[in-house]
Amino acid sequence: MILDSFPWKDGLLRDAIALTDWAEKRRSAKRSFAIEETVFVAAFKIRRLMESGKISSSLASSNLPAIFYPCKKQGINQHTRYDIEDHYNFSTPANVDLSIKDVANTIIHSFVFGETVQYGRAKRRKLNPSRVSGFIFNSDRSRDKGLWYVSLNSYVDILNTFGNDNPKKYVGVFNPSTGQWDSWVGNGDPPADFTAKAADRFQRP
């Protein structure tokens, strides 16, 4: 349970800067390691903040645009995980929306993970012709379903948004059927559907 969310959110803001900086560096094993490590650690911070009720409910329930590549050959394993073109169909991409929770969980349990680059001809020597454009990933559970792509800019935007989120109000209602608390986090008043659900709970005998 996180009591003070500031260090975690500040860490997300620093992760966003680090990803942006590393994306511009020359392609290398060190860059690949830094990108994967930072994406993974940031995903863990996001999940912990949401689980601890430190992120606004509207933000925690938002989606991230992604591209899905379906699996065409099941059975990818630890020895073939780098032969992604043999297992996933990159000719039939589909635009999808992934929940932030699903993105974080899939990255944390990632089976396939790799940075993607956008090649371009450098007009000046200082320009990087292979800037990181995003990353592809799936998990040990979803590896036979397909592969997702998320742009680096979209992921960085999420880190900045989560890092700057500062909800000041928490409302919790105990759910006797699950033994858990249904909660709303944010600023101002809870939405009407949550207020109605809370009122119904209080009115029950």
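The values are calculated or read from the model by the stated rules, or taken from the named source; none is laboratory data. Computed from a prediction, not measured in an experiment: that's the story for all the values here. With ideal geometry, Cβ positions are generated from the backbone for all residues, glycine too; neighbour counts draw on all protein chains shown.
Some points to look at:
- Look at region 40-57: where a residue is within 16 Å of residue 113 (Cβ to Cβ) and touching a residue at least 60 places away in the same chain (Cβ under 8 Å) and a partner is part of a helix (DSSP H, G or I) and not hydrophobic (A, V, I, L, M, F, W, C), sitting 6+ places away or on another chain with Cβ atoms under 6 Å, you get 42/15.
- For region 190-201, the count of residues that are over 30 Å from residue 85 (Cα atoms), within 20 Å of the chain's Cα centre (by Cα) and among the hydroxyl-bearing types (Ser, Thr, Tyr) is zero.
For (1) in contact with a Phe, Trp or Tyr (Cβ under 6 Å, 6 or more places away or on another chain); (2) modelled with pLDDT under 95; (3) outside the structural domain of residue 72 (by TED's automatic domain parsing); (4) part of a helix (DSSP H, G or I), each residue gets a yes or a no:
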site	(1), (2), (3), (4)
155	no, no, no, yes
181	yes, yes, yes, no
184	yes, yes, yes, no
189	no, yes, yes, no
195	no, yes, yes, yes
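- Residue match in region 45-67 (condition: hydroxyl-bearing (Ser, Thr, Tyr), surrounded by fewer than 17 Cβ atoms within 10 Å (Cβ to Cβ) and part of a helix (DSSP H, G or I)): yes
- Test result for residue 101, in contact with a His (Cβ under 8 Å, 6 or more places away or on another chain) and outside any strand (DSSP E or B): no
- Meets criteria (touching a helix residue (DSSP H, G or I) at 6+ places or on another chain (Cβ under 8 Å), modelled with pLDDT of 95 or more and surrounded by 17 or more Cβ atoms within 10 Å (Cβ to Cβ)) for residue 108: no
- In region 34-42, the count of residues that are in contact with a helix residue (DSSP H, G or I) (Cβ under 8 Å, 6 or more places away or on another chain), part of a loop (DSSP other than H, G, I, E, B) and either surrounded by 15 or more Cβ atoms within 10 Å (Cβ to Cβ) or of a type in the set (S, T, N, Q) (or both) is zero.
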